[in-house]
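To keep things clear, I will list the structure first and then write my remarks on it.
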Amino acid sequence: MMSQSGWGGQGPSSQDGSSQQGWSQQPGQQAQGQQPGQQGGWGPAPQQPSPQQSPAWGQPSPGGPPQGGGPYGGSPAYGAPQPPTPPRRKWPLVLVAIGCVLALFLGIGIITAAVLLNRGGGDIDPTAAPTTSGSPTAEPTATPTETPTVSGSSEGATFEPIAPYDETTKTPDEIWSILEDNPMTSGTVSTIGSCELPGTPKEPSDEQLQATLESAGGCLSSVWSTASSDRGLPWSNRSLVVYQHPDVPTSAVCEPDTFDAESPRVCNIDETIYWPKGSGVAHQMGTSGAVSDEAELSTAYLWDLSYSYVKVGWWNSSIGIYYGQMSDGLEDDPDRQAEAARRYAAQNICVASLMSMRVPTAAQPSETVRGILTDPKTWQDGPAVTAETHARWIKKGFEADGDLAACNAWTAPLDEVA
């Protein structure tokens, strides 16, 4: 019976058209409260006539009070007759005309500016300020169909690759919806044209095991590279190092206590997969220890390595980063956190099986190997999923024919991820 340890678990504002102020009096217009005959401040000061002026000059100016009386008492300052001098009658009219022309041009300018401002809002480049889901914006400047996205979920959260050490602002619910619907949950993974695996003896030397793993790794990297490229996701390959456990290799970033004899150490930070070998190791790990026919052993190693490559794929695409951050955010909800772990583990083993079948037939896990892997008796109940669930999702991957939707454990009924 095979342990699942190491194999079953693991994230505009609108323009305002302001009204014009300060236009209470046009040039030549009588000011409010101005008394009849008072100058409006736009023409020359009135010249007072001498007493000897001829009666022709004694006619009152237009708008002035009657001579010799009225409310001003005939005062020379207010009631004296004014001579009808041409400058006084022409300047107000000229100024009124100038004011009308200025007002006309001002009105045209305001209307033109308003039209241009309203028309300019539709020319904003929606890619100039990428919008992040959940990120507040003052006003939408483009319709949703103009916003470039990789894949969206039913709850509106959008998948965007993030760096391994970036903290997403998304909530656990938003991340959950991203895990349900992202580029690696739909579409068909293409097959690759060639994959040659060397013969592998039951007790391979370090060099022989290294050669088998490197060949299998090259095949799996081609599958993952194509699948990632087809979905606009990044991919980088991993080096493979066989080591004699417990002599843990020195890594600049992965601590020695993170290595164990039962599973490969996928150290994504230094882009290396460390494969343990030694007394009693090879026959306790994955399916390679359960296959007796040396002709089929290399295909068993390919499946074992395929599980490690899922971890690489989730790191490169940031799907695994999202899951880790969501799991941390569910610490106060242990039941939901445990459900998330089961779904994640089921998806991983399914995708591992799916990817292992996208190589040429001769390199695919043999019928014998597939029979071992899909037998619940091969497995023990693990920390994430039961033996039955483990075997079920491996079988789903083998039968998926490259369709990633078949491995979407995030949308599966709850009883299928028990």
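The values are calculated or read from the model by the stated rules, or taken from the named source; none is laboratory data. Just so you know, these numbers come straight off a predicted model, no measurement behind them. Note that we place each Cβ from the backbone using ideal geometry, even for glycine, and neighbour counts take in every protein chain shown. These accessible areas exclude ligands, DNA and RNA; they are computed on the full protein's heavy atoms, side chains included. Shrake-Rupley method; radii C 1.70, N 1.55, O 1.52, S 1.80 Å.
Computed from the C-alpha gyration tensor, the three semi-axes of the ellipsoid equivalent to region 343-395 are 21, 13, 6 Å, from longest to shortest. Basic side chains Lys and Arg get +1 at the Cβ, acidic Asp and Glu get -1 at the Cβ, and with that the dipole of region 317-418 about its Cα centre reaches some 440 debye.
Compactness of region 238-278 was expressed as the Cα radius of gyration divided by 2.2 N^0.38 Å, which yields 0.99. Fully extending the segment from Glu203 to Glu262 would add 19.6 nm, taking 0.36 nm per residue of separation and subtracting the current Cα-Cα distance.
A straight chain from Gln210 to Val241 at 0.36 nm per residue would run longer than the Cα-Cα distance by 10.4 nm.
For Leu197, the solvent-accessible surface computed with a 1.4 Å probe is close to 40 Å², ligands and nucleic acids excluded. Over the C-alpha trace of region 200-241, radius of gyration and Dmax come out as 13.2, 41 angstrom.
Percent of alpha carbon pairs in region 262-352 separated by more than 24 Å? Looking at region 262-352, the distances longer than 24 Å represent 33 percent of pairs.
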